[in-house]
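Read-outs throughout are calculated quantities, based only on the coordinates presented, and are distinct from any laboratory measurement. Just so it is clear, the model here is predicted, and its values are computed rather than measured. Backbone-built Cβ (ideal geometry, glycine too); neighbour counts: all protein chains shown.
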Amino acid sequence: MDIYQILTSSAWTLLMIAVFFGGSIFVHELGHFWVAKKRGVKVERFSIGFGPAILKWVGKDGVEYRLSWLPLGGYVALPQLADMRGLEGEPSAETAALPSPGYTTRMLVFGAGAFMNIVFAFALATILWKVGVPANGYTQRTKIGYVAPTLKLADSREVPSPAATAGLQAGDTIIKVDGNEVRTWNEMQQLLFTGSGRTNSGEPQALITVKRGSETLVLTTRPVLTGDDKMRTLGVSPWQELKVVEIDPASAASQAGVKAGDRLTNLNGVALNSFVTFSQAMRLAVSQTVILEVERAGQLVPLSLTMPTKEKLAEELGIVFDPDVVLIHPTPWKQISDSAWRTVNTFSSLLSRNSDVGLSKLSGPIGIARVYHVMAQLDIRLVLSLTILLNVNLAMFNLLPLPVLDGGHMLFATIGKLRRRSLPIGFIQRVQTGFVALLFTMMIYVSFFDGRRWLRDIASTTAEPAAKAEAGKNAEPAK
């Protein structure tokens, strides 16, 4: 990638983050601001970000508008409703003398931010409903195409894969994980990653229900933790059809008789149910003449293929496969409900002592920016889909009954309503100060792991060309 591409890519990413990530924060605070104005509540400041101001000005309505240095959210300063001077600064003497608004006003203003996030998410979801969301066709089903015999753990040890040990097979369709129905590969992975099942000895456990022919089987698996983030893994890959869409006329595959429109089904007796099986079968057949079976016009056609002398990938054989990208049109309600389900599932797993999900696996601003960067390079519709999830997440997180969050303010207002007098200001300030410190500590902790993941991505991208060159050099035959 040249410097121009890097600069263009970075500029596009920054624009997407500013418009959609920043926009999500903006609409949340706009909800508080708009309802507060409508209910006659004094607004002192509208800020995107925390800390010292980068840019600020006072509008004709007397509100100070600012962009602040710490991009960890935003706030609307409402001293009549919540004493947040530790974060928002001291209220003016004029504001301090104003009467305290009623309970209904408090609840409406505090709940308006989450409401606006849902409205924003619904608007974006309506757009995607009409234009469609690109997705891999093979992730829209849960059929297994490959079962790995072994898996490598984070400490580089190789162990038998849980899927192979439990008896999962290529061709099985996963219909439930721990009793919960799954419809897509992503749903299956989400439930597996966040699962909290354990054996009596403390090992991770997941009950996988599969459809095999006319049978329904419930298999007990022992997922292992793999990868740098140590996520629960079974060792299965989705079913993929190897459809040929283009072929180099000078390639070995073309000379063997492979044509565009063919579907590869078998290589030397190995069923080709995924790109993984094809890649492995090719490695075993370097420099050999093999029988490649293809499906053509409903008929199985055996072809004699002489493999190259070097170990090469499918595209280097001259074959371009159908990427199986489909457009799906989920309704806005489904997109919102799926995002809510993912959020609840993650929070529940985080609170469960039996799961393997901890704070280190969550994403803060850096992690969100990292995912925005990836999605921005692929398709803007994926950016919209991510923003929908983010807004539902923001809405639900902010409604948690924790001090500093909107839900915490609503809890304090409700307690005050029940006891017929407000909670002492000193008590609220102490609790909020403690939770602010806790929240920022959590942000720093999560951001540390976000940064490590991003550095790994950069290192992997940088190392990939060198690794390919080295693989090609090592594949040279002895002379």
Taking the Cα centre of region 137-237 as origin, work out the dipole magnitude from +1 charges on Lys and Arg Cβ and -1 charges on Asp and Glu Cβ, in debye rounded to 20.
180
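With +1 on each Lys and Arg Cβ and -1 on each Asp and Glu Cβ, how big is the dipole of region 242-314 about its Cα centre, in debye rounded to the nearest 20?
The calculated dipole for region 242-314 is roughly 60 debye.
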Sorted by Cβ neighbour density within 10 Å, fewest at the top, the residues L151, L168, L234
L151, L168, L234
Furthest towards positive pole of dipole, A285, A437, T306, structure part the chain, Cβ charges:
A437
Per-residue [θ]222 nm for the chain (sum of -39500 (n - 2.57) over DSSP H runs n ≥ 4, rounded to 500):
-14500 deg cm²/dmol
Residues L359 and R421, FRET efficiency given R0 of 60 Å [Cβ-Cβ distance, rounded to 0.05]
0.95
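Which chymotrypsin sites (Phe, Trp or Tyr not before Pro) does region 361-417 hold that lie in a coil by DSSP with at most 14 other beta carbons within 10 Å? It would help to have the intermediate numbers written out before the result.
Details: sites: Y372, F397, F412; in loops: none.
Counting only loop positions with at most 14 other Cβ atoms within 10 Å, none of the chymotrypsin sites (Phe, Trp or Tyr not before Pro) in region 361-417 qualifies.
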Spatial separation of Cα centroids for region 404-436 and region 135-183, in angstrom:
47
Packing-wise, with mean Cβ within 10 Å as the measure, how do 270-282, 56-68 rank, highest first?
270-282, 56-68
Residue separation between S337 and D61 times 0.36 nm, minus their alpha-carbon distance, gives in nm 95.6 nm
Difference of contour (0.36 nm per residue) and Cα-Cα distance, A154 to T289:
44.8 nm
Taking the mean number of other Cβ atoms within 10 Å as a proxy for protection, how do you rank 443-456, 354-367 from highest to lowest?
354-367, 443-456
Axial C-alpha extent at least 18 Å, average Kyte-Doolittle at least 0.0 - helices from the chain (DSSP):
3-16, 22-38, 103-131, 365-378, 380-398, 406-419, 425-474
Simple spin-label estimate for L378 and H329 in nanometres, 7 Å along Cα-Cβ:
2.2
With +1 on each Lys and Arg Cβ and -1 on each Asp and Glu Cβ, and nothing else charged, work out how big the dipole of region 357-444 is about its Cα centre, in Debye to the nearest 20.
420
If amide hydrogens are placed 1.01 Å from N in the peptide plane, which non-local residues have theirs closer than 5 Å to the one on Q205?
G197, R198, T199
